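Report on the structure given below.
The values are calculated or read from the model by the stated rules, or taken from the named source; none is laboratory data. No experiment lies behind these values; they were computed from the predicted model shown. Cβ: placed from backbone, ideal geometry, glycine included. Neighbour counts: every protein chain shown. Quick note on the areas: whole protein, heavy atoms, side chains included, nothing else; ligands and nucleic acids left out. Shrake-Rupley method; radii C 1.70, N 1.55, O 1.52, S 1.80 Å.
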Amino acid sequence: MAENDDLKALIRTILDFPKPGIQFRDITTLLLDAQGFASAIARMAAATRGPVDLVAGIEARGFIFAAALAAPLNAGVLLIRKDGKLPGATIAEDYALEYGTDRIAVHEDALAPGQRVLLVDDLIATGGTARAAVRLLRKAGGLVEQAQFLVDLPDLGGADALRADGLAVDSLIGFPGH
Ligand code: AMP
């Protein structure tokens, strides 16, 4: 990952957001940098393994990366939204938060059976969100074999958990700790 230190330098860390003890990795500063954002997308596209039909982004920051990756990968964009936001008939998946649960959804007709889906988000931490997204996309008929993140927090184990779910997982940047 040392080759992406130029991009790492564009990510700002904000301590104690949204609650004490969290080091929030703020990617908005990378997005503001024209060359940095373009390089991030080019490197994520280059790391993609084989052709994909759809790039699935997780609300909200995942949408930015999924949308930008779609053109270079010649793929469509599939939105994974918080429950209650999509207008058509949906299928949903629940996942555990520290306190309580959350629910994500896709349109039930967003995927044709067997379509190859690349899952994308800005950051993977515990992997709870991404693993629920994989379950949801597979339930909807998708072939989900790879995921890409700009940032991985490897000590939290999310990327390894996704690998145990059968995915190839790539990220450009890693930060130690929480
Ligand atoms: P998780 O489900 O634990 O893998 O959390 C992933 C989601 O939470 C992603 O959509 C991230 O944008 C966000 N997130 C979790 N931890 C952080 C962090 N330290 N800095 C910035 N975003 C985070």
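Data overview
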item	result
With every protein chain in place, the chain: carbon and sulfur % of accessible area (1.4 Å)	54 percent
Tensor-based shape of the chain (alpha-carbon gyration tensor, a/c under 1.5 rounded, otherwise prolate or oblate)	oblate
The stretch 74-79 - phi-based ³J(HN,Hα) in whole Hz, Karplus 6.51/-1.76/1.60, Gly and Pro as x	6, 10, x, 10, 10, 8
Per residue solvent-accessible surface (Å²) - the chain, probe of 1.4 Å	48 Å²
Contact order normalised by residue count of the stretch 51-174, Cα under 8 Å, 6+ apart, percent	23 percent
Amide proton proximity set for LEU143, modelled H, under 5 Å, gap of 5+	GLY114, GLN115, ARG116, VAL117
In order through the stretch 162-178: 3J(HN,Hα) via Karplus (6.51 cos²θ - 1.76 cosθ + 1.60), integer Hz, x for Gly, Pro	5, 4, 5, 7, x, 9, 7, 10, 10, 9, 8, 9, x, 10, x, x, 8
Nearest-0.05 FRET efficiency for ASP102 and ASP5, computed from C-beta distance (R0 30 Å)	0.35
Residues whose placed amide H lies under 5 Å from that of GLY76, excluding near-sequence neighbours	LEU54, VAL55
Charge sum, other residues only, whose C-beta stays under 11 Å from LEU143's C-beta, Lys/Arg counted +1 and Asp/Glu -1	0
Pairwise label distance in nanometres, ALA47 with LYS139, each label 7 Å out on the Cα-Cβ vector	2.8 nm
Restricting the stretch 86-175 to GluC sites (Glu not before Pro) in coil, as DSSP defines it, with at most 15 other Cβ within 10 Å	GLU98, GLU108
Span from the the stretch 143-171 Cα centroid across to the the stretch 30-44 one, whole angstrom	21 Å
For the stretch 51-174, share of DSSP beta bridges that run antiparallel, in % to the nearest 5	30 percent
Point-charge dipole on Cβ atoms (K/R +1, D/E -1) for the chain, about Cα centre, debye to 20	260 debye
DSSP beta bridges in the stretch 1-102 [antiparallel fraction, %, rounded to 5]	55 percent
Most positive-pole-ward Cα, LEU31, ALA71, ALA147, against dipole of the chain from beta carbon charges	ALA71
Among ALA133, HIS107, ALA168 - extreme Cα towards positive end, dipole of the stretch 66-178, charges at beta-carbon	HIS107
